[in-house]
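Asks: One structure follows; several queries about it will come next.
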Amino acid sequence: METDIDTWFNSWERLWSVAQGAAFFFVLIVVLVRILGKRTTGQMNNFDWIITVAVGSLAASGILLKGVSILDATLAILVLGGLQWLTTLGVLNSRIFRKLVRADPRLLVHKGKFLKNAMRRERISEAEIYSVLRQHGYTSPDDANWVILETDGTMTVVPRQDLHLDDARLMADVEGWPEPVRRSSAG
């Protein structure tokens with residue numbers, strides 16, 4: 001039984017084609033990341049992650065798959081990059097669009113108390129919050145004023161201190177604020 005692709009070696013031409021594709025896509029992705037900005041490789045939100053995975057898959061297809069030309073994969077990558085750019089522009093300029101595509105941060109712990117409904121909604125366990133508290137040097141949940149699940153999936157810990165609600169302006173966009181205890185008391 002003969003196959004048209006040998007497991008170890010196809011041809012020198014195919015190896016040259018793969019090398020050219022890999023070099024081209026390396027340069028293309030570096031340029032694209034430079035144009036799209038730091039958020040492409042920093043703490044990623046849902047859309048940044050989707051773009052990163054899709055671009056990686058498309059680049060690999062353009063490099064390795066004979067049926068996908070370098071131009072095909074390049075066009076798909078550029079379209080995704082453009083759509084990501086337009087999405088971030090829409091998020092910056094439209095409150096309605098921002099609500100449609102971006103998740104808000106969510107309050108998970110308030111004054112050392114776990115907000116069970118919020119945790120269930122976000123599928124976050126107490127063990128995960130304990131881990132974040134330990135990473136920040138806390139020995140008890142009571143030491144945390146708030147733990148917030150951010151839009152990029154990281155958790156922010158605000159230390160326990162005497163704060164008035166008026167002093168917490170940075171909490172304005174956090175789901176579960178300013179009524180965290182009432183919203184999650186069941187559970």
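The values are calculated or read from the model by the stated rules, or taken from the named source; none is laboratory data. The shown structure was predicted, so the numbers you read here are calculated from the model rather than taken from an experiment. A quick note on method: Cβ atoms are made from the backbone with ideal geometry, for glycine too, and the neighbour counts reach across all protein chains shown.
Asks: State which residue is modelled with the highest pLDDT when the search covers only segment 1-24 and only residues that are part of a helix (DSSP H, G or I) and of a type in the set (D, E, K, R).
Replies: Taking segment 1-24 as the starting set, the residues that turn out to be part of a helix (DSSP H, G or I) are 12-24.
Now narrow it down to the ones that are of a type in the set (D, E, K, R): 13-14.
On the way: E13: 87, R14: 82.
That would be E13.
Asks: Quick check on segment 139-165: of everything there that is within 11 Å of G112 (Cα to Cα) and assigned to a loop (DSSP other than H, G, I, E, B), which residue is modelled with the highest pLDDT?
Replies: Going through the qualifying residues, I end up with S140.
Asks: Taking segment 25-84 only, how many residues are at pLDDT below 80 and hydroxyl-bearing (S, T, Y)?
Replies: Of the residues in that region, 2 qualify.
Asks: Return the only residue of R123, R169, R95, R134 being loosely packed, with under 13 Cβ neighbours inside 10 Å, among the charged types (D, E, K, R) and under 19 Å from the mean Cα position of the chain (by Cα). Don't jump to the end; show me each part of the working.
Replies: Values: R169 fails: under 19 Å from the mean Cα position of the chain (by Cα); R95 fails: under 19 Å from the mean Cα position of the chain (by Cα); R134 fails: under 19 Å from the mean Cα position of the chain (by Cα).
From the options R123, R169, R95, R134, the qualifying one is R123.
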